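> Dropping the structure in here first, questions after.
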Amino acid sequence: MELATRLEPTAADRARWARYRDYLAFWDGRQWDARPRPGETRLTLNYARALVRKVTSVLFSRPVRYSVPDSPAAERALAQLATEDDWHGLDYAAALDTAVLGDAAFKVTWDAARRRPRLTTVDPAQLVVAARPDDPRELVALAHEYPLAAGAVEQVYGVALPGLGPDGRVTVREEWTDATYRLVVAGETLHAGENPYGWIPYVLVPNTPSPGGVWGESDLADLLDVCRELNRRLTVLSRILQVSGNPIVVLENVTASEGIRAEEGAVWELPEGSRAYLLDMLSGGGVALHLEYVRLLFQVLHDLAEVPRAAFGDQGRDLSGAALELELQPLVHKVERKRRSWERALRQRAWRVLDLLERFGGADFGGARGVEVVWGPVLPVDEERAARVQVALVGAGIRSRLTAARELGALDPEAELARVAAEQAALAAPERP
């Protein structure tokens with residue numbers, strides 16, 4: 001299939017990359033529309049970053065676990081790789097990408113030197129994709145183009161590039177379909193042939209994808225204007241307070257102001273018919289009006305971000321557990337929406353890893369690919385109460401011990417139950433004389 005070789009950036013791709021740059025600049029604190037005037041000071045309260053980090057922390061409150069009902073061996077293999085290669089850290093970094101940019105991507109390949117799958121994150125700004133016309137979620141071709149140092153090309157691909165020093169940079173382009181794979185380095189084709197995996201080794205994670213689209217939308221999209229206005233209003237309020245702390249002296253019918261200073265113990269001699277007074281910028285309730293407007297902006301910001309103040313430990317009043325859960329419902333709903341988008345990507349990633357382990361690593365999982373994603377709790381959990389609930393469900397025959405152990409956070413529930421059974425058998429065995 002030659003579609004990948006013809007896959008070039010479109011106007012929509014360039015617009016997407018421009019959005020990425022704008023969102024990254026906003027995330028980094030460049031939130032003012034115009035340049036400051038000479039001597040002008042500005043406040044930038046990067047509240048958007050705090051909100052995004054809060055949601056991401058709740059989304060991945062605990063490492064994701066994987067259940068493979070048809071193959072405990074496959075489940076243990078996924079748990080081992082997730083622990084040893086820190087998939088949780090990769091997931092958190094990718095979740096920040098999805099929240100800030102609107103998209104993230106993983107690459108799943110086989111590392112022959114380590115004899116295990118390699119999982120990495122990929123900059124979505126380096127990707128161009130084509131999807132099925134009738135199913136935008138299914139990729140049929142992908143091109144990945146990125147810069148790489150010449151020395152790194154030799155290290156990764158085993159190809160020396162004469163004429164370039166080790167620090168010289170070249171462009172690497174990978175083109176993938178389910179059937180074909182092409183590698184082009186510095187304009188030279190190093191490989192063009194069959195795809196060794198039989199599937200495209202990339203997994204996209206769109207953030208709340210738009211209907212009929214491949215890519216997602218940034219969490220910052222609705223916050224830009226409010227955050228900019230908040231910066232402007234707090235800057236104005238800061239200037240007012242600064243001036244009020246350094247009073248302005250107003251002189252009437254005075255032609256010279258030498259020696260007149262607003263300081264403690266100062267004595268002024270003014271001509272007849274003139275007067276002097278301090279300009280009070282705090283009179284008339286102006287500051288209170290500014291503060292009320294700032295409070296309104298904060299309320300709008302929290303509503304648009306779906307992160308109540310209670311998520312920061314500031315509910316302003318004593319609430320029961322049920323009332324606090326109700327207060328946090330907007331955040332819970334937002335996280336659940338995100339998890340639905342992530343589950344598809346995590347399942348795709350997991351079955352690719354299992355396929356690599358069977359095809360190249362010599363593992364035997366019986367072809368099991370039915371992976372279920374087990375999330376940590378969204379809200380803090382009373383572990384003692386949760387344990388009582390699981391014990392009651394197991395005792396009533398409604399839930400298995402394996403599921404109960406998984407719900408209570410056991411990383412390897414099969415092994416944990418096997419150890420419990422072994423301990424019980426050892427305790428029940430009669431002691432030898």
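> Anything in region 132-150 that is farther than 19 Å from Thr180 by Cα, without any contact (Cβ under 8 Å) to a residue 40 or more places away in the chain, out of contact with any Gly (no Cβ under 8 Å at 6 or more places or on another chain) and surrounded by 12 or more Cβ atoms within 10 Å (Cβ to Cβ)? List them, or say none.
Start the filter on region 132-150 by keeping residues that are farther than 19 Å from Thr180 by Cα, which leaves 133-137, 146-150.
Of the ones still in play, those that are also without any contact (Cβ under 8 Å) to a residue 40 or more places away in the chain are 133-135, 146-150.
Now restrict to residues that are out of contact with any Gly (no Cβ under 8 Å at 6 or more places or on another chain): 133-135, 146-148.
Of everything in region 132-150, those that are farther than 19 Å from Thr180 by Cα, without any contact (Cβ under 8 Å) to a residue 40 or more places away in the chain, out of contact with any Gly (no Cβ under 8 Å at 6 or more places or on another chain) and surrounded by 12 or more Cβ atoms within 10 Å (Cβ to Cβ) turn out to be Tyr146, Leu148.
> State all residues of region 394-408 that are among the basic types (Lys, Arg) and without any contact (Cβ under 8 Å) to a residue 40 or more places away in the chain; if no residue qualifies, say none.
Our first condition is that a residue be among the basic types (Lys, Arg); within region 394-408, this holds for 399, 401, 406.
Correct list: Arg399, Arg401.
> Among helices (runs of 4 or more DSSP H) lying entirely in region 1-107, which contain 3 or more residues that are crowded, with 19+ Cβ neighbours inside 10 Å, at pLDDT below 95 and more than 14 Å from the chain's Cα centre (by Cα)?
72-84
So that you can scan it fast, the table gives a plain yes or no per residue for (1) aliphatic (A, V, I, L, M); (2) closer than 30 Å to Ala15 by Cβ:
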position	(1), (2)
Ser57	no, no
Arg62	no, no
Pro72	no, no
Gln80	no, no
Asp85	no, no
Asp91	no, yes
Leu96	yes, yes
Thr109	no, yes
Ala112	yes, no
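> Considering only region 118-136, state which residues are modelled with pLDDT under 95 and outside any strand (DSSP E or B).
Hits for region 118-136 are Pro133, Asp134.
> Just checking: which of the helices (runs of 4 or more DSSP H) contained wholly in region 296-411 hold 1 or more residues that are closer than 27 Å to Ala94 by Cβ, within 19 Å of the chain's Cα centre (by Cα) and modelled with pLDDT under 90?
Numbers: elements: 321-327, 329-360, 383-395, 401-407.
It comes to 329-360.
> What are the pairs, 6+ residues apart or on separate chains, where a residue within region 45-74 that is closer than 15 Å to Ala95 by Cβ has its Cβ under 8 Å from a residue that is part of a helix (DSSP H, G or I) and among the basic types (Lys, Arg)?
Pairs that qualify, where the first residue is closer than 15 Å to Ala95 by Cβ and the partner is part of a helix (DSSP H, G or I) and among the basic types (Lys, Arg), are Val55/Lys334; Val55/Lys338; Leu59/Lys338; Leu59/Arg339.
The values are calculated or read from the model by the stated rules, or taken from the named source; none is laboratory data. Here the structure is a predicted model, which means the values were calculated and not measured. Cβ sites come from the backbone with ideal geometry, for glycine too, and all protein chains shown count toward neighbours.
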